[in-house]
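Just so it is clear, none of the values below were taken in a lab; they were calculated from the coordinates. Everything numeric in this text was worked out from a predicted model, so none of it was measured. As a convention, Cβ positions derive from the backbone with ideal geometry for all residues, glycine included, and neighbour counts pool all protein chains shown.
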C-alpha cells in the first residue's frame, strides 16, 4: 500500500495531516486511564485514505455545491474500539469544526480482522481499498491480506440477492412517505413523518446500490456520507440531487437532518413544496439505482457465462 500523498495539492496534504493528528490525539484521550487490557493496550493500526482523493479523480467545486469528501478508514486493534460513539465522536466533531480542513471528512472504523475477512471473500469495497488506498499512518508489521477476488458467478448471486431485497424496501418507504405527505397539507406532524420516511427511502437506495456494487455499506445513517460513497462509484447518481442553488442544497440538508430532527426536534420545519421536491429527488435516485444496478448485474452475468 502506498504511503505518499504527493499527487495532492499541498493544501490538501496539510488537511490530511490535520485529520490524521486529530484522530490519533483523540483516540489516545479516549483510552487514557483504561484498565481493561484490550482498551489500555488499544492501538490505531492503520489510517488509510481511500476513494477519489487516493485515486486522483476528486472534484473540488465547493462554489457549485460539489466537493469530493476525504474518505478515511481507521483500523484498530479490538472490535470494541470501532464504536464510533464511544471512541471517535469527539474526533469527528473536532475535524468537522476545524477551519483548517476545508472539505468534508468521512470516517469508518474496523478491525484488521474485519478488513482481512472482507479481502479474503473478495468483497469489492475492501479490494478497491487494498489496491488504491494510501496509508497515512501504519504500525510496522500490520499488513492487509492478499485479496482473493470473487468469481463473477458468486458476485452476481450476491448482488442479485441484495437488489431483490432492497429495491422493494425503497418502494415501501416511498409509498409510505406519499401517504404521509398527502395527510400533511395542513399538518406539520404528518409532514415531519413524511420527511423522516423519505430519509429512510434515500438511505435504503444508497444501501441497495453500495451492497450491489461493493458488498459493503458503513454503519451510518448519515445521508451525506452514504451519498458520497455511492457517487464515488457511480457519477450518474449525482443527478438525482440538484446542487446548483442554495434551495437545492437546503432540501438535501433537510432530508439529511430529518433522520433525527423530524422525530425529536420541535423546531424542525418542512413545507409541502419541500416534500414534493425531495420526493422527486428520492424517486429519481431510486430509479437510477435500479438502472445502474441492473447494468452491473448484466455485466456480471456475461462474465459468469464467459
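The table for this structure:
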| quantity | calculated |
| --- | --- |
| GNM flexibility winner over the chain from 252, 140, 196 (Cα, springs under 10 Å) | 140 |
| Proxy reagent accessibility, fewest Cβ within 10 Å first, across 216, 156, 66 | 66, 216, 156 |
| Evaluated over the stretch 209-306, the Cα radius of gyration and Dmax, each in Å | 15.9, 58 |
| Extension gain from residue 98 to residue 2, taking 0.36 nm per residue of separation minus the Cα-Cα distance | 31.9 nm |
| Gain in span if fully extended, residue 244 to residue 179, counting 0.36 nm per residue against the direct Cα distance | 20.5 nm |
| Cα-Cα pairs of the stretch 1-50 separated by more than 17 Å (percent) | 47 |
| Helix axis angle, 246-264 relative to the chain longest principal axis, alpha carbon, degrees | 80 |
| Taking the chain and dividing mean pair separation by its residue count, relative contact order in percent (alpha carbons under 8 Å, at least six apart) | 18 |
| P(r) histogram, all alpha-carbon pairs of the stretch 166-267 included - 5 Å bins from 0, percent | 2, 13, 20, 24, 21, 13, 5, 2, 0 |
| Förster-model FRET efficiency, 45 Å R0, residue 86 and residue 236, C-beta, rounded to 0.05 | 0.75 |
| Rounded tilt (10° steps) of 152-182 against the dominant C-alpha axis of the chain | 40 |
| Rel. contact order, % - alpha carbon contacts under 8 angstrom, at least six apart, the stretch 152-305 | 36 |
| Difference of contour (0.36 nm per residue) and Cα-Cα distance, residue 187 to residue 263 | 25.9 nm |
| Percent of C-alpha pairs per 5 Å bin, the stretch 1-126, short to long | 2, 10, 19, 22, 18, 15, 9, 3, 1, 0 |
| Helix 10-31 axis, angle to the chain major axis (alpha carbon atoms, nearest 10°) | 80 |
| All-pairs Cα distance distribution in the chain, expressed in whole percent, bin size 10 Å | 6, 25, 32, 26, 11, 1, 0 |
| Relative contact order, percent, the stretch 1-122 [alpha-carbon distance under 8 Å, six or more residues apart] | 27 |
| Ellipticity estimate at 222 nm from DSSP helix runs (n ≥ 4, -39,500 (n - 2.57)) divided over the chain, nearest 500 | -19500 deg cm²/dmol |
| Stokes-Einstein D in µm²/s, Kirkwood radius over Cα pairs - the stretch 81-212 at 37 °C with 0.692 mPa s viscosity | 179 |
| Spacing of the two label points (7 Å from each Cα toward its C-beta) at residue 142 and residue 32, in nm | 2.1 |
| Cα-projected label distance for residue 294 with residue 161, points at 7 Å along beta-carbon direction, nm | 2.3 |
| Label-to-label distance, nm, for residues given as residue 43 and residue 67 (7 Å Cα→Cβ offset) | 3.6 |
